[in-house]
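Scroll down for the structure; my scribbles are underneath it.
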Amino acid sequence: MHPTSESSETTLNAQVKDSHWLLATWTITQGSLDRAKAALGAYWYQAVPVIRVYDITTNENSRTSKAYVKDVEIKIDSGLWYVQIDQPARSYKLQLGFVTPQNKFFGLLYSHKLTPPMPEVCEKGGKTRRALDSNYSATRSRRYTSRPNNGGSPMTRLALPLTLDSNGESSGTNGKKTKREFHVETELLIHGTSDPQAEVTLLGEKIPVSKEGRFALRLSLPNGRQVIPAVNTSSNKRRQQTIVLAIERNTKDLEPVHLDE
């Protein structure tokens, strides 16, 4: 594990992205890692970094309690991670820390209070349904690859939802105006529904399923034919269903044409 920043202090910031997703960003110093290592002792070598989620919603008696919700395993050197929330319109705090298989936990620091809004509810065909959140396809910043059938570039899980600022710059740019060559990329959004208790895997990796039974994943789409297996395994492990997506991208880069003035 390595510190993600040369900052003089460890920091943890969090923001609400939509009804079901929080974004945590952090920097961590070597001193903080040393303190965690000393606190966990021999357990340190089994510890994994996590974002611990607490529900801090105020109850009817105006009392606020801190209830453990879950641990979300992260890559400490990535500096950011998306955290899925199953119950919107409640208040949460995130805590950066390390946990061992023996449930020994060492916390570094907390985020501020976060309250995701309720999803938009709309009427269609006489039935009430929850609208899919615009950023539901946002996924964690961990990256993975799968081997393409055509021997080309691998498919890559995207770290962030694509957004553009008022100048047309993507959210991942550093704000400097530089001359860039013309280049086109393609993204693939896979989303669907399932039994909330079932396990869903895409490309062999488990995908979170919301309490409403929704799941989504954004991938880069390299040139050529891609075969993507989606597997649904029932909660009792007795039934498994597979849907295979076969998608082909054909991109041809034409020679530039010089236009007469």
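The values are calculated or read from the model by the stated rules, or taken from the named source; none is laboratory data. This is a predicted model, so every value here is computed, not measured. Neighbour counts are summed over all protein chains in view; Cβ atoms, including those assigned to glycine, are modelled from backbone coordinates with ideal geometry. The protein model used for the area step is the full one, side chains on, heavy atoms only, and it has no ligands, DNA or RNA in it. Shrake-Rupley method; radii C 1.70, N 1.55, O 1.52, S 1.80 Å.
Assorted remarks:
- Just the protein heavy atoms count here, and of the accessible area of region 26-104 at 1.4 Å, carbon and sulfur take up 43 percent.
- Using C-alpha pairs under 8 Å with a sequence gap of at least 6, the mean separation divided by the residue count of region 200-247 gives a relative contact order of 35 percent.
- Using the 1.4 Å probe convention, the accessible area of region 51-94 works out to 53 Å² per residue with neighbouring protein chains retained.
- The modelled label-to-label distance between ASP86 and ARG238, using points 7 Å beyond Cα along the C-beta direction, is 2.2 nm.
- Probing with 1.4 Å while keeping every protein chain in the model, the per residue accessible area of region 190-257 equals 62 Å².
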